[in-house]
1. Out of all the residues in segment 56-107, which are of a type in the set (S, T, N, Q) and in contact with an Asp or Glu (Cβ under 9 Å, 6 or more places away or on another chain)?
2. Using beta carbons and a limit of 7 Å, which pairs, at least six apart or on different chains, have the first residue in segment 71-97 and of a type outside the set (Gly, Ala, Ser) and the second one exposed (fewer than 12 other Cβ atoms within 10 Å of the Cβ) and in a loop (DSSP other than H, G, I, E, B)?
3. What's the total number of residues in segment 15-42 that are more than 9 Å from the chain's Cα centre (by Cα), part of a loop (DSSP other than H, G, I, E, B) and not aliphatic (A, V, I, L, M)?
4. Out of everything in segment 3-17 that is closer than 10 Å to VAL52 by Cβ and either polar (S, T, N, Q) or free of Cβ contacts under 8 Å to residues at least 12 places away in the same chain (or both), what residue ends up being surrounded by the fewest Cβ atoms within 10 Å (Cβ to Cβ)?
5. For the condition surrounded by 12 or more Cβ atoms within 10 Å (Cβ to Cβ) and at positive phi, what is the one hit in GLU39, GLU49, GLU53?
6. Restricting attention to segment 15-64, which residues are closer than 13 Å to VAL5 by Cα and of a type in the set (Val, Ile, Thr)?
Amino acid sequence: MTYVVTETCVKCKYTDCVDVCPVDCFREGPNMLVIDPDECIDCTLCVAECPVEAIFAEDDVPDNQKEFIAMNAELAKVWKPIIEKKDAPPDADDWAKTKEKKHLIEK
């Protein structure tokens, strides 16, 4: 099992999760992060660090977010690793309250 970044991360892109990852499995896109399922060791450390609760165990991804399982795997192959925490976008707190953001994903 791996962990999956879901829709809540879009346009928020907090990187608190990156600092605790022991295997550097996060990949950074233009406006969200994903987890490389081939690198994730299922340690669960990132889940508690995500301030917007965007990370789920693969088996626990909500039904309306299941497409993010494949999306994480796909985008992890093309996005570059992120290994250090960065500042969140200035409007991240505003976007954290927005629910429907799939259409805003920049690949």
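1. Listed by number, the residues that qualify are ASN64, GLN65, ASN72.
2. As it stands, the answer is LEU75/LYS107, since those pairs meet every condition given.
3. Summing the residues that are more than 9 Å from the chain's Cα centre (by Cα), part of a loop (DSSP other than H, G, I, E, B) and not aliphatic (A, V, I, L, M) in segment 15-42 gives 13.
4. Of everything passing the filter in segment 3-17, THR8 is surrounded by the fewest Cβ atoms within 10 Å (Cβ to Cβ).
5. Every option except GLU53 fails the conditions.
6. Correct list: THR15, VAL18, VAL34, ILE35, THR44, VAL47, VAL52, ILE55, VAL61.
Each reported figure results from applying straightforward, stated rules to the coordinates on display, with no laboratory input. None of the values given here were measured: they were computed from a predicted structure. Positions of Cβ are backbone-derived with ideal geometry, glycine not excepted, and every protein chain shown enters the neighbour counts.
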